[in-house]
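Below: one structure, written as C-alpha cells.
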Amino acid sequence: MKNEARLSDVHPLRILSGRRRWWMLGIVCAAIWAALGLGTSPAQLIPSGNGIEILEEFLAAGLTPALDYESQVPAGTAPLWAKVLDALRRTLIFAATGMSLALAIGLPLGVLTSTAWWRESSPASSWSRRWIGRLGRSGAFVFLRALIAFMRSIHELLWAVLLLAALGLNSFSAVWAIAIPYGGTLAKVFSEMLDEAPRDSAAQLHDTGATSLQVFLFGLMPRALPDMAAYTFYRLECAVRSSAVLGFFGFPTLGYFVKLAFVNQHYHEVWSYLYALIFVVVVLEFVSSLLRERVVIR
Amino acid sequence: MNSSSRRTQVEALRRARPRSRLLRGTVMALASWTLYAWASPEIALGDSLTERRLTNFQNFIREELWPHALRSEPFTFSGLWAWGHGIWNEVGASSTLATLQISILAIALSAVLAWPLSILAASNFATSAPFSPEVRDSSRGKQLVWTAARRASRGLAILMRAVPEYILAFLLLAVLGPRTAWPAVLALAIHNGGILARLGGEVVENLEPAPVRSLTAIGGRHGGLVVFALIPLTMGRNLLYFFYRFETCVREATVLGMLGVVSLGYWIQDARSKQYYDEMLLLVLFGSGLVILADLTSALARRSVRRG
Amino acid sequence: MNHSALSFSLTEVSLDFDGPAVLEGLSFRIEPGEIVALVGPSGAGKTSVLRMLNGSLPSAEGSVLVQDQDLKTLPTAGLRELRSQIGFVPQSFGLIPNLRVIQNVIAGRIARMGTLGALRAMLHQRAAELDEVHELLESLGIEEKLFQRVDSLSGGEQQRVAIARALYQSPGALLADEPLSALDPARARETLLILVQLARSQGLTLVLSLHDIGLAREMIPRLIGLRDGRIQFDRVTSEIEDHEIEALYGLKPSLGLHEE
C-alpha cells in the first residue's frame, strides 16, 4: 500500500487539522458515551470469586499444553494428538469448502456489482432500447448491491444458527453459513478492486476492436487479479477461524473441543487445540506475506 | 532463422521463464486441499438433502418463521407491525443499543492497544537508527534491545489476532463473569487490536523515508519522531483502518451476546432455545440493520478522512 | 493475412474540451500505404489527431473518414471491425504489467478470436503463435523477453512490446504516439527504421507523432506540422525549409500566423 505522505504533511499541527480532528474527537466522545451507557468501569476488570484462580490456572496451562488426556479415557480411545489433528482437519475442511463456495458466489457478484462492468458493457444501438437497457441495468445493479450488503450484514454464526434451525446439524449448514456472508464480503471487495484498477490497458484493448466482455476480462481483470487473490487468501485465514468457532454450535471443529475441554476444566487440552489453530493461522499469514513480497509487488 | 531452430529457442526461453515456486506450490496445495475437502465424508451433501430434512425445511420456512401473532389470524400489516414493535420495545431497542456501545468501546480500546504495538513492530522505526538503514554506528546492546522489542510486539500482535473473538470472549467470560460487558469488549479489543497493529505497522513501514529523515538529520530520535513524524504521517491511514475494523466489530458484537453478554446475540440465543424462530429471525434482522448502518457510517467516515 | 492498407481523411475537423480549441479546422488526406509523421511542439494536438484517426476520440465538428467510411455514422460493430484493422501504440503503452510479454502481444489479436478463443490464447499459446510472436520480437530486438513479466522490463523494452502488440494485430494502418520516447538515440533510430521498413514491405499505412524532428526529416517522407491545433505545413519532407521548422517550434515566432 502506497502512502500518500508528503513533506508538507510533516507538521505536528497537521494532526489537529481538517476533518480528521473532528473524527478523532467524535471517536473519543463516542467511546465515553459507550462506556457510560454500558455501565462498565475498570474496577470490574478485577476477576471476582474463583475468576482469578481460573485465570491463573488457565494461563499457567498455556506453557504446558497437554500431550495426553488429562482424565481417564476408555481403553482404545485415539491419542489426544490424533484427536487434535482430526479436529484441525475438519476445521480446514469446512474452511476450504465454505471458502470455495464463497468464491464461486463472490466472484460473479463482485463483477456484476462493479461499476466498471456496467461501463464496459456495450450500449444498445437504438435510443429507446438504450434507455430501457439503462433502467434495467441500474435496477439490477441496485438489487445486487442490496443483496450483497444483506448477505454480509449477518454474521456467519447467525447464518449458522438460522441454517441449523432450518436444516439441522449437518455439513450443508456449516458450508453455507461460511459461504453466504463471505461471498457477500468478497463480492463487495472485488467490486471495489475492479473499480480502482488502472484502466489504461483496458482502453488500449478497446482500441484494438475487442468486445466489451473481452476488454473487461483481458484488459481490466488481470490488473485487479493480484489484489483479489491476496484478499481471498486473507479471507481464507478468517474462514479457518470462523470454521473453528462453528464448533461452539455443535459442528465437529476445533471450537467444539475447546468448549468441551474448558467446561471440563482440562485447561492443558484447551491449549493444545488453541495452539493447533494458532499454528495454522500463523502459517497462512506467513505464506501470504511472503507471496505479497515476492509475487505481487515487484 | 529456420523454423525448427526458432522452436528450440522458444522452448528454451519457456523453460527459463521466471516462475514462483512459492506461488505455484501454494495454489497447488490450496486446490488439492479444496478438492479433498469436497470429497471427504464430512461433507456429505447428499445426506443433507434427505426427504425428512426437506420437509423440515419447508415447515421452517412456512410456519416457524411466520410471526407468532399472525399465525391464527389473517395477515394484516398492522398486526405485523404491532408484533415487531412489541419485540423492539421489549428487548430489541436496548440490546441493539448495547451492541453498538460494546463495539464502539471495543474498537476505541483496540486502537489504544494497537498503536504502541504497531510502532514497535515497524522494522524501519524500531531500530537503534530509525529511518536510517545506512547507519551502523550504534552499540550492539541497543540494537539487541530494539530487535527484542520488535519481535515481542510482533509476536504479541500475532497471538492477539490468531484466536477468534468468540473463543476469547468464551474464555474471558469464565474469568470475569457475565455481569458486565467486559468479556465481549475485551475479546473484540484484543482481536482487533492485533489486526490494527499489523495494519498500522505496515503503514509505518511504507512511509516515504525522505520527509522523516529530514527530522533525523536535525537530531530527532525516537520520541521526537513519534510526535513530529509518525503521528501526523500515519494518522490518515490509521483512521481508515479504524473505521474499516469498526464495521466488523459491530458484526461480531452482535454475535458475542450468544455467550451470555447482553447484546442482541443474548436474545437471539434466548429465542433460539425457546424455539421462537420468528422472534429469532426478527432479532437477527435488527442486527443486520445495525450492521448496515455501521457500514454506511464507516464508508462515510472513510471518504471524509480520505479527503483530508 | 494482413489487412489491406487504409486511407484516412480529415475534413475541417475541430475539437475542444470546454476551453480553448485543441484542434481547429484540420483537413488532410493520407493515402493507403503512405508514411506520415506529425511533428510540432508538445500540446500542439498530435495525440488528439492520432486518437481521432482510430475513432477513440470523436471530433466535435467536421468528419473523419477511414477507408471512406465516416466514423460518426459507423455502427458499433463496424467501428470495432475497423479498429481491429488499426494498430495503435499509445504513449503510455497500455500494457498489462503483471502479465508476460507473450500474453501482452497475443492480446493484440483477441478482437478476432471470440471470448473463449481469447481465453485459450491468453492462457496457452499454440506453437505457431509462439513462433510468430518470437519472430516479431526478434525484429525489434527483444525476443529474449518472450516469457518475462512486462513489469520486469525497462521502459524502452516495454515500448517495443507495445509496438509488437500493434504489429501482431496485422493491421492495415499503424498509428503510433511518440513510439520512440523511451528509447535511447541509437535504439530510437533503429526502431524507427524498422517501423518504416515494415510499413514499406507490408504496404501498411504508418502515421506517427515524433518529437525528434531530426529523425523525422531524415526518415519520414511526409511531415504534417502542428502548432496550437492548426496545421502549419503538410508537405513532402524534402520541400520543407529550415525556417518553417523553426517557426513551428517557436524559435523565431512569426506573429502573423494566428491571425487568419
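The values are calculated or read from the model by the stated rules, or taken from the named source; none is laboratory data. Just so you know, these numbers come straight off a predicted model, no measurement behind them. With ideal geometry, Cβ positions are generated from the backbone for all residues, glycine too; neighbour counts draw on all protein chains shown.
Specify which of the listed residues (C:Glu81, C:Glu143, C:Glu190) is within 10 Å of chain A (Cβ to nearest Cβ) and modelled with pLDDT under 90. Show your work before the answer.
On the way: C:Glu143 fails: within 10 Å of chain A (Cβ to nearest Cβ); C:Glu190 fails: within 10 Å of chain A (Cβ to nearest Cβ).
Selected residue: C:Glu81, the only one of C:Glu81, C:Glu143, C:Glu190 that is within 10 Å of chain A (Cβ to nearest Cβ) and modelled with pLDDT under 90.
With respect to B:Ala184, determine if the residue is modelled with pLDDT of 90 or more and under 28 Å from B:Val255 (Cβ atoms). I'd like the intermediate steps shown before the answer.
Details: modelled with pLDDT of 90 or more: yes; under 28 Å from B:Val255 (Cβ atoms): yes.
So B:Ala184 fits the description; yes.
Residue check: is C:Arg160 part of a helix (DSSP H, G or I), within 18 Å of the chain's Cα centre (by Cα) and over 24 Å from C:Leu99 (Cα atoms)?
For C:Arg160, the condition - part of a helix (DSSP H, G or I), within 18 Å of the chain's Cα centre (by Cα) and over 24 Å from C:Leu99 (Cα atoms) - is not met.
With (1) within 21 Å of the chain's Cα centre (by Cα); (2) at positive phi as the list, and B:Ile190 as the residue in question, which single condition is left unmet?
Condition not satisfied by B:Ile190: (2).
What's the number of the condition B:Ala181 fails, among (1) buried (at least 24 other Cβ atoms within 10 Å of the Cβ); (2) among the small types (Gly, Ala, Ser); (3) more than 8 Å from every other protein chain (Cβ to nearest Cβ)?
(3)
Please verify whether the stretch C:127-138 includes one or more residues that are part of a loop (DSSP other than H, G, I, E, B) and not assigned by TED's automatic domain parsing to the domain that holds C:Val196. Lay out the reasoning, then the answer.
Within the stretch C:127-138, the first condition is being part of a loop (DSSP other than H, G, I, E, B), and the residues that meet it are none.
No, there is no match, as no residue in the stretch C:127-138 is part of a loop (DSSP other than H, G, I, E, B) and not assigned by TED's automatic domain parsing to the domain that holds C:Val196.
Taking the residues in the stretch B:271-308 that are in a helix (DSSP H, G or I) and of a type in the set (Phe, Trp, Tyr) as candidates, determine which candidate is farthest from the chain's Cα centre (by Cα).
B:Tyr277
Report, by residue number, each residue of the stretch C:107-132 that is without any contact (Cβ under 8 Å) to a residue 60 or more places away in the chain, farther than 26 Å from C:Ser48 by Cβ and facing another protein chain (nearest Cβ under 9 Å).
C:Ile110, C:Arg112, C:Met113, C:Gly114, C:Thr115, C:Ala118, C:Leu119, C:Met122, C:Ala127, C:Leu130, C:Asp131
Take the conditions more than 8 Å from chain A (Cβ to nearest Cβ) and either of a type in the set (A, V, I, L, M, F, W, C) or without any contact (Cβ under 8 Å) to a residue 60 or more places away in the chain (or both) and apply them to B:Glu279. Does it pass?
no
From the list A:Leu186, A:Leu205, A:Leu213, A:Leu194, pick out the single residue that is within 14 Å of chain C (Cβ to nearest Cβ) and either out of contact with any Asp or Glu (no Cβ under 8 Å at 6 or more places or on another chain) or at pLDDT 90 or above (or both).
Answer to the selection: A:Leu205.
Looking for whichever is farther than 12 Å from C:Gly40 by Cα and surrounded by fewer than 20 Cβ atoms within 10 Å (Cβ to Cβ) here; the options are C:Glu239, C:Glu244. Which one fits? Steps first, answer last, please.
Numbers: C:Glu244 fails: farther than 12 Å from C:Gly40 by Cα.
So the residue among C:Glu239, C:Glu244 that is farther than 12 Å from C:Gly40 by Cα and surrounded by fewer than 20 Cβ atoms within 10 Å (Cβ to Cβ) is C:Glu239.
Select, from A:Ala239, A:Ala230, the only residue that is touching a residue at least 40 places away in the same chain (Cβ under 8 Å), surrounded by fewer than 21 Cβ atoms within 10 Å (Cβ to Cβ) and not basic (Lys, Arg). Don't jump to the end; show me each part of the working.
Working: A:Ala239 fails: surrounded by fewer than 21 Cβ atoms within 10 Å (Cβ to Cβ).
Being touching a residue at least 40 places away in the same chain (Cβ under 8 Å), surrounded by fewer than 21 Cβ atoms within 10 Å (Cβ to Cβ) and not basic (Lys, Arg) holds for just one of A:Ala239, A:Ala230, which is A:Ala230.
Please state which of the following conditions C:Asn104 fails to meet, knowing it meets all the rest: (1) more than 12 Å from chain A (Cβ to nearest Cβ); (2) touching a residue at least 40 places away in the same chain (Cβ under 8 Å); (3) not β-branched (Val, Ile, Thr).
Among (1) more than 12 Å from chain A (Cβ to nearest Cβ); (2) touching a residue at least 40 places away in the same chain (Cβ under 8 Å); (3) not β-branched (Val, Ile, Thr), the lone unmet condition for C:Asn104 is (1).
Condition test on B:Ile268, is it surrounded by fewer than 18 Cβ atoms within 10 Å (Cβ to Cβ), β-branched (Val, Ile, Thr), assigned to a helix (DSSP H, G or I) and in the same structural domain as B:Leu97 (by TED's automatic domain parsing)?
The answer is no for B:Ile268.
Name the residue that is farthest from B:Gly201 (Cα to Cα), counting only residues in the stretch B:83-113 that are under 27 Å from the mean Cα position of the chain (by Cα) and not aliphatic (A, V, I, L, M).
B:Gly92
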